[in-house]
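Just below is one structure, and these are the notes that go with it.
The numbers here are math on the coordinates, done by the rules we state, and not lab data. What you are looking at is a predicted structure, and each value in this text was computed from that prediction instead of being measured. Quick reminder, even Gly has a Cβ in these numbers, built from the backbone with ideal geometry, and neighbours come from all protein chains shown.
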Amino acid sequence: MSTALITGASGGIGAEFARQLAARKTNLVLVARSEDKLQQLAKELQELHKINVDILVQDLTQPTATEAVFDAVNQKGLTIDLLINNAGFGDYGDFALTERSRQLQMIQLNILALVDLTHLFLQGMRSRRSGSIINLASIAAFQPLPYLSVYAATKAFVLSFSEALWAENKSYGVKILAVCPGPTETNFFTEAKFPSALGGANKANYTAVDVVVKQSLKALEKNQANVVTGGLGNQLVVNASRFLPRETLVTAVEKQFKGNE
């Protein structure tokens, strides 16, 4: 059986990746900060699917955590066939007024941890001429987002980085996929402190996590460079960013997202 390593696996999209991969008889390495949630998920999947599940409790906002994950995997004698860089967060607010340390933590988690884990595990995949990496971007990657400025910028990085690696690694038999979800049924908006009055609590148009994961795994099988998950609304957002002037878009978003700053 193959083995997948998933960061941010304690809930949301990460936990759903774990459930769908477990149903495919994929062994798992689950990484997150919450030991209790990881243990609960591991027990559920082991009992239901009779697979091996290892948990690694790490805070990937800490610079040493990625190497600790890599070392732990090697000490267990595991080969990672699929790496899913899912961990990440956003933070709503006027950038000049936000907490500086939180913005730097976001860059550390959304970009630096993702890049380092990709680099650490990609070399083995290339030498085996087999393996896959899924990086979680967002439809926010396609345009600047005032009041989510750092978050959108990190996701633009993830999309560009992943597409470049997709091209670099095709000849080595390694698949790289950037997943670009729109609003999804997770705790993202709550944790990002996105105001309810601006739509943060309106889940009418949210995509279910199982749909995001199914579409992602299907795109990976097809060796796509990226996939925009969800329905037509997300595609319209992406297409608008391609055809409308960037200043027009960013001005419209600023008006839409501005709260009581």
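Couple of notes before you dig in:
- Take each peptide in 81-92, 117-128, count the other Cβ atoms within 10 Å of every residue, and average; sorted highest first, the result is 81-92, 117-128.
- Environment charge of K43, counting only residues whose C-beta is closer than 12 Å and scoring Lys/Arg +1, Asp/Glu -1: -2
- Using Cβ point charges alone (K and R +1, D and E -1), the dipole size of the chain about the Cα centre works out to roughly 740 debye.
- Summed residue charge, Cβ within 14 Å of A156's Cβ, Lys/Arg positive, Asp/Glu negative: +2
- Gained length - S2 relative to R128, 0.36 nm times residue gap less alpha-carbon distance: 44.0 nm
- Each peptide in 26-39, 241-254 receives the mean, over its residues, of other Cβ atoms within 10 Å, and ordering these scores from highest gives 26-39, 241-254.
- The chain shape via C-alpha gyration tensor axes, a/c threshold 1.5: prolate
- Each other residue within a Cβ distance under 13 Å of G131 adds +1 if Lys or Arg and -1 if Asp or Glu, for a net charge of +4.
- Within the stretch 9-50, all pairs of alpha-carbon atoms sorted by distance into 5 Å bins from zero give the percentages 6, 28, 38, 22, 6, 0.
- Spin-label model, D94 to K43: label points 7 Å out along the Cα-to-beta-carbon direction sit 4.8 nm apart.
- 18 Å cut-off, amide nitrogen to a point 7 angstrom out along K25 Cα→Cβ, residues in the stretch 45-71: 45-53
- Placing R0 at 25 angstrom, the Cβ-Cβ distance between K76 and Y172 gives a FRET efficiency of 0.50 after rounding to 0.05.
- Furthest towards positive pole of dipole, I6, V57, V227, structure part the stretch 3-257, Cβ charges: V227
- Efficiency of FRET between R246 and T190 - r from beta-carbon atoms, R0 25 angstrom, step 0.05: 0.30
- Cα gyration tensor category, rounded, prolate or oblate, for the stretch 39-153 with a/c compared to 1.5: prolate
- Counting beta carbons within 10 Å around each of E99, E191 and listing the fewest first gives the order E99, E191.
- Helical content of the chain, expressed as a calculated mean residue ellipticity at 222 nm, amounts to -14500 deg cm²/dmol (DSSP H runs of 4 or more residues, -39,500 (n - 2.57) each, divided by residue number, nearest 500).
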